[in-house]
Amino acid sequence: MKLFAIFGNPVSHSRSPLMHNCVFKNLNYKACYTRVHLIDGSKLKETFFSLGLSGANVTVPHKEEAFKACDEVRGFAKTVGVVNTLINEDGKLIGYNTDADGFMYAIEEFGDVKNILILGAGGTAKALASRFVQDDIKVTVLNRSASRLEYFKNVVSRCHTWDDFEVQKYDLVVNTTSAGLKDEELPAPKEIVQKVLDNSSFVADAIYGKMTPFLKLAKEKNITFKDGADMLLGQGVLANELFVNQELKLDDIKINMQKSFEL
Ligand code: NDP
């Protein structure tokens, strides 16, 4: 029996155990997926191996720490320095990022998006910004503090803190901050968020399973919005494919993981 887990702080809200266990159970794959509440991100690697894990996902706030902990990082995670999926490959910790492709899947229904505002500058924002740029999408990043913007200066068209931000027109605005996850905060001061929403065609939040204050405001303004559930599904399907090392078919993983959202 293989054991998988999600590391995070907080982690009790995570739907990942339900999603992955639904796939394992329905497809008779001998594995189990649990949660690990990890406070100190520097303990990620030793905790992973002491639990005898075959693989794991990493969520807030440890994705950048996860990148540093890896013996080897593959694919898109190398570009962004952010890891959300870990694999135990013969005692070595291998890191991947499935968040960005998961998000591309989630926004397919918004059609041809050319101009995106990202709220936040953490691990998720990095992954999404770099992935959008690959598709020639014009990206602006808006964050509370300046220090995290450094990474974006050579990656996106514009990056701002709340103090020097001037709103433009956007096809899509994405909240990647954790504002609204455990609290009732907006991702930026209300007057900025109002202006942004008044100039945006679609809205997405990376947070799932709750109407954040940001999504509530979008709803009030009759803007088409979605929470992070489809992103979660997309990244989960791709992570599961890595966990089972292609022993299961991608379509079967997708169908069975989708079922966990209906429970
Ligand atoms: P990080 O901890 O790496 O980054 C958090 C970001 O949020 C920082 O830019 C930080 O700004 C900002 N922030 C935090 N609190 C506030 C606040 N009160 N007001 C404004 N800005 C704030 O987090 P991640 O990128 O890993 O995750 C971000 C969110 O995305 C989480 O809510 C997570 O649950 C969600 N997520 C969902 C996924 C899904 O599948 N649906 C996948 C991945 C993430 P500062 O630099 O100023 O501190």
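The values are calculated or read from the model by the stated rules, or taken from the named source; none is laboratory data. Keep in mind it's a predicted model, so treat the numbers as computed, not measured. Note that we place each Cβ from the backbone using ideal geometry, even for glycine, and neighbour counts take in every protein chain shown. Note: accessible area is taken over every heavy atom of the protein model, side chains too, but ligands, DNA and RNA are not part of it. Shrake-Rupley method; radii C 1.70, N 1.55, O 1.52, S 1.80 Å.
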- Figure the gain on full extension for Lys216 and Asp71 (residue separation times 0.36 nm, minus the Cα-Cα span) and round it to one decimal in nm. 48.0 nm
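Above 12 Å lies some portion of the pair distances; for region 1-64, what is it as a whole percent of all C-alpha pairs?
Percentage above 12 Å: 65.
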- Rounded to whole Å, sorted largest first: equivalent-ellipsoid semi-axes of the chain, Cα gyration tensor: 31, 20, 16
- Query: For Asn245 and Ile192, FRET efficiency with R0 = 45 Å and r from the beta-carbon atoms, rounded to 0.05?
  - Reply: 0.50
- Task: Please determine, in degrees from 0 to 90 and to the nearest 10, the orientation of helix 250-260 with respect to the longest principal axis defined by the Cα atoms of the chain, where the helix direction is its Cα long axis.
- Result: 80 degrees
- Message: Treating region 31-182 as a set of equal point scatterers at the Cα positions, no solvent, please give the Debye-formula log₁₀ I(q)/I(0) at q = 0.08, 0.12 Å⁻¹.
- Response: -0.25, -0.54
- Message: Quick check: the angle from helix 16-26's long axis to the longest principal axis of the chain, C-alpha only, nearest 10 degrees?
- Response: 50 degrees
- With no solvent and one point on each alpha carbon, what is the Debye value of log10 I(q)/I(0) for region 61-146 at q = 0.14, 0.24 Å⁻¹? -0.51, -1.14
- Item | Additional length obtainable on full extension of the chain from Leu51 to Ser12, 0.36 nm per residue less Cα span | 12.2 nm
- Query: For region 143-201, with every protein chain kept in place, what is the accessible area per residue (1.4 Å probe, Å²)?
  - Reply: 58 Å²
- Message: Taking the square root of 5 times each eigenvalue of the Cα gyration tensor, what semi-axes in Å does the equivalent ellipsoid of region 156-227 have, largest first?
- Response: 18, 14, 11
- Would you please classify the overall shape of region 102-239 from the alpha carbon gyration tensor, given that a ≥ b ≥ c denote the square roots of the eigenvalues, rounded means a/c under 1.5, and beyond that prolate means a/b larger than b/c while oblate covers the rest? rounded
- Query: How far apart, in nm, are two points set 7 Å out from the Cα along the Cα-to-Cβ line at Lys153 and at Lys114?
  - Reply: 3.0 nm
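Given the C-alpha atoms of region 36-79, compute the convex hull and give its volume per residue in Å³.
Details: hull volume 3.6 nm³, N = 44.
Enclosed volume per residue, from the Cα hull, is 83 Å³.
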- In degrees rounded to 10, the 0-90 angle between helix 229-243 Cα long axis and the longest Cα principal axis of the chain is 30 degrees
- Note on the chain, DSSP bridge orientation, antiparallel percent to nearest 5 equals 20 percent
- Task: Could you pull out which residues in region 111-130 have an amide N less than 15 Å from a spot 7 Å beyond the Cα of Val167, following the Cα-Cβ vector?
- Result: 117-119
- Comparing Gln168, Gln246, Gln194, which has the greatest mean-square fluctuation in the GNM of the chain with Cα pairs linked when under 10 Å apart? Gln246
- Keeping all protein chains in position, work out how much accessible area Arg148 exposes to a 1.4 Å probe, and write it in Å² to the nearest 10. 120 Å²
- Got a number for carbon plus sulfur as a percent of region 39-160's accessible area, 1.4 Å probe? 45 percent
